[in-house]
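A.B. asks: This structure is in structure tokens; I'll ask about it shortly.
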Amino acid sequence: ALGAKMAKADGRVSRAEVAAFRDVFHIPPREERNAARVFDLARQDVAGFEGYAARVAAMFGERKDPLEDLLEGLFHIAAADGVFHPREEDYLRRVWEIFALPERVFRSLRARYVPGAPPDPYEVLGVDPAAPDDAVREAWRRVVREAHPDRMIARGVPEEAVRLATARLAAANDAYDEIMRLRHPEDAEEA
């Protein structure tokens, strides 16, 4: 039902979204008729999805991995028609809230499925979200060393490579700043 309502979130259900639903939810042949009936009923209207999400969340309790997988499946359905509609974003954000998943899960999935979405800062630096501040700082320093424009110029790389390195450096700086703001909001308030 959550998958069908996701497909309807932008106001219409496309063939690509139905195909994406089938990619995500594997239904045994003997249950296809029942699943089709549930899908057809659920896709008539988005209303009521929050109740379904709450029941699914309760089913898994403290186990968050299945909820992350389900949220990713919903992102897959939302992106299937090539358009990421604001109502789809609202739907996914609300399901994420009900599932009580960490913000980085939503951001990472959004970055993966939505063209132009800002990347997950941990992925930019190549560190695990559980890494201590020192490890995050060292990863940031490594990117700065590798991508610093002065170093690139000294190596004699083409101008295009210097521009790419400059963009990579800016992304690393932004990622590091964002991680520190998220981890230490009290420091951001003082600044």
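The values are calculated or read from the model by the stated rules, or taken from the named source; none is laboratory data. Everything quoted here is computed from the prediction, not taken from an experiment. Positions of Cβ are generated from backbone atoms using ideal geometry, with glycine treated the same way; all protein chains shown enter the neighbour counts. SASA here: full protein model, heavy atoms, side chains in, ligands and nucleic acids out. Shrake-Rupley method; radii C 1.70, N 1.55, O 1.52, S 1.80 Å.
A.B. asks: Among the residues of region 167-181, what is the count of those that are surrounded by fewer than 14 Cβ atoms within 10 Å (Cβ to Cβ) and closer than 15 Å to Tyr122 by Cα?
C.D. replies: So the answer is 2.
A.B. asks: Would you be able to tell me the number of residues in region 55-102 that are in contact (Cβ under 8 Å) with a residue 12 or more places away in the chain and under 19 Å from Leu182 (Cβ atoms)?
C.D. replies: 7
A.B. asks: Quick one: in region 148-183, of everything that is over 30 Å from Glu103 (Cα atoms) and of a type in the set (Val, Ile, Thr), which residue is modelled with the highest pLDDT?
C.D. replies: Ile153
A.B. asks: How many residues are within 17 Å of Pro119 (Cβ to Cβ) and either touching a helix residue (DSSP H, G or I) at 6+ places or on another chain (Cβ under 6 Å) or not in a helix (DSSP H, G or I) (or both) when one looks only at region 132-164?
C.D. replies: Of the residues in region 132-164, 5 are within 17 Å of Pro119 (Cβ to Cβ) and either touching a helix residue (DSSP H, G or I) at 6+ places or on another chain (Cβ under 6 Å) or not in a helix (DSSP H, G or I) (or both).
A.B. asks: Going through region 131-166 one residue at a time, which ones are surrounded by 11 or more Cβ atoms within 10 Å (Cβ to Cβ) and of a type in the set (Gly, Ala, Ser)?
C.D. replies: The answer is Ala131, Ala135, Ala139, Ala147, Ala161, Ala165.
A.B. asks: Collect the residues in region 118-130 that are under 14 Å from Ala175 (Cα atoms), open to solvent by less than 90 Å² (accessible area, probe 1.4 Å) and not β-branched (Val, Ile, Thr), keeping them in residue-number order.
C.D. replies: Residues satisfying the conditions are Pro118, Pro119, Asp120, Pro121, Tyr122, Leu125, Gly126, Pro129.
A.B. asks: Could you tell me whether Glu89 is at pLDDT 90 or above, open to solvent by 20 Å² or more (accessible area, probe 1.4 Å) and either within 18 Å of Glu17 (Cβ to Cβ) or part of a loop (DSSP other than H, G, I, E, B) (or both)?
C.D. replies: It is true that Glu89 is at pLDDT 90 or above, open to solvent by 20 Å² or more (accessible area, probe 1.4 Å) and either within 18 Å of Glu17 (Cβ to Cβ) or part of a loop (DSSP other than H, G, I, E, B) (or both).
A.B. asks: Output the number of residues of region 1-48 satisfying the condition of being closer than 17 Å to Arg93 by Cα and in a helix (DSSP H, G or I).
C.D. replies: Total satisfying the criteria: 7.
A.B. asks: Does region 41-58 include one or more residues that are open to solvent by less than 40 Å² (accessible area, probe 1.4 Å), over 24 Å from Asp81 (Cβ atoms) and not hydroxyl-bearing (Ser, Thr, Tyr)? So that I can check it myself, show each step before the final result.
C.D. replies: Here is the first cut: in region 41-58, the ones open to solvent by less than 40 Å² (accessible area, probe 1.4 Å) are 42, 46, 49, 51, 53, 56-57.
Next, only the ones that are over 24 Å from Asp81 (Cβ atoms) stay: 51, 57.
The next check asks that each one be not hydroxyl-bearing (Ser, Thr, Tyr); those that pass are 51, 57.
There is at least one residue in region 41-58 that is open to solvent by less than 40 Å² (accessible area, probe 1.4 Å), over 24 Å from Asp81 (Cβ atoms) and not hydroxyl-bearing (Ser, Thr, Tyr).
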